[in-house]
1. Which of the residues spanning region B:1-25 are in contact (Cβ under 8 Å) with a residue 60 or more places away in the chain, loosely packed, with under 15 Cβ neighbours inside 10 Å and either aliphatic (A, V, I, L, M) or under 18 Å from A:L45 (Cβ atoms) (or both)?
2. Restricting to region A:13-42, name every residue that is modelled with pLDDT under 95, over 21 Å from A:R68 (Cα atoms) and surrounded by 20 or more Cβ atoms within 10 Å (Cβ to Cβ).
3. I'd like the full set of residues that are modelled with pLDDT of 95 or more, closer than 20 Å to A:S93 by Cβ and more than 7 Å from chain A (Cβ to nearest Cβ), limited to region B:82-111.
4. Mind listing just one residue for me: the one in region B:6-30 that is closer than 25 Å to B:K51 by Cα and hydrophobic (A, V, I, L, M, F, W, C) and, of those, nearest to the chain's Cα centre (by Cα)?
5. Hey, could you check region A:39-56 for residues that are free of Cβ contacts under 8 Å to residues at least 12 places away in the same chain and in a strand (DSSP E or B) and say which is nearest to the other protein chains (Cβ to nearest Cβ)?
Amino acid sequence: NAGVTQTPKFQVLKTGQSMTLQCAQDMNHNSMYWYRQDPGMGLRLIYYSASEGTTDKGEVPNGYNVSRLNKREFSLRLESAAPSQTSVYFCASLSGARNTEAFFGQGTRLTVV
Amino acid sequence: GQQVMQIPQYQHVQEGEDFTTYCNSSTTLSNIQWYKQRPGGHPVFLIQLVKSGEVKKQKRLTFQFGEAKKNSSLHITATQTTDVGTYFCAGRGTGANNLFFGTGTRLTVIP
């Protein structure tokens with residue numbers, strides 16, 4: 001039982017390149033989230049998917065797109081990477097019931113040069 | 001939009017001293033959760049508070065949820081080096097699906 005799996009763990013991109021961060025969970029959770037973590041800023045919500053087939057913007061969605069491919073997978077795409085997107089990205093999943101905890105992946109450390 | 005602020009941002013304590021971090025929301029929360037992130041790791045769930053004025057304890061950790069359900073605190077008694085990490089609160093607004101995290105408090109414990 002792997003929980004939440006994120007790939008890749010590390011990535012370096014050049015400005016303007018595109019890439020997709022992958023996230024998969026094996027807990028049959030309905031809700032999935034993407035956060036970015038920057039020093040002093042905490043965890044900021046980029047996009048979330050409350051259930052399969054739905055996605056919604058969080059606090060900082062600009063420059064990102066998401067796809068909820070199926071119940072297990074929720075990907076985050078950077079179409080044209082910018083240095084301001086250098087960050088650590090975390091995927092999380094919740095069962096969907098209101099009072100449940102979030103389970104996090106190991107994170108992706110992305111550097112845009 | 002919803003904001004959840006935490007203070008202090010950083011705290012250095014001598015091993016054995018107490019530590020408290022405070023969490024304040026701009027809106028009423030349906031619940032508050034607390035997470036711990038070890039250096040280089042990912043956030044891990046500690047506890048959830050749901051009721052107004054609720055207090056819960058986990059060994060040396062005491063969690064409180066304010067009467068107005070807009071603030072919370074985490075108090076650690078007699079810190080140990082294993083307590084090192086960043087502590088986050090997280091909350092949902094009433095009727096909301098999204099989970100907002102606070103800015104976090106990074107705790108350093110000096111042996």
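The values are calculated or read from the model by the stated rules, or taken from the named source; none is laboratory data. Predicted model, so just to flag it, every value in this text is computed and none were measured. Glycine also receives a Cβ, built like all others from the backbone with ideal geometry; neighbour counts cover every protein chain displayed.
1. At the first step, the residues of region B:1-25 found to be in contact (Cβ under 8 Å) with a residue 60 or more places away in the chain are B:2-19, B:21, B:23, B:25.
Remaining after also requiring loosely packed, with under 15 Cβ neighbours inside 10 Å: B:3, B:7-8, B:10, B:12, B:14-18.
Answer for region B:1-25, where residues must be in contact (Cβ under 8 Å) with a residue 60 or more places away in the chain, loosely packed, with under 15 Cβ neighbours inside 10 Å and either aliphatic (A, V, I, L, M) or under 18 Å from A:L45 (Cβ atoms) (or both): B:Q3, B:I7.
2. Within region A:13-42, A:G42 is the sole residue that qualifies.
3. B:C89
4. To start, the set of residues in region B:6-30 that are closer than 25 Å to B:K51 by Cα comprises B:6-8, B:19-30.
Going one step further and asking which of them are hydrophobic (A, V, I, L, M, F, W, C), we end up with B:7, B:19, B:23, B:29.
On the way: B:I7: 10, B:F19: 11, B:C23: 6, B:L29: 14 Å.
Checked region B:6-30; the qualifying residue nearest to the chain's Cα centre (by Cα) is B:C23.
5. Among residues in region A:39-56 that are free of Cβ contacts under 8 Å to residues at least 12 places away in the same chain and in a strand (DSSP E or B), the one nearest to the other protein chains (Cβ to nearest Cβ) is A:G42.
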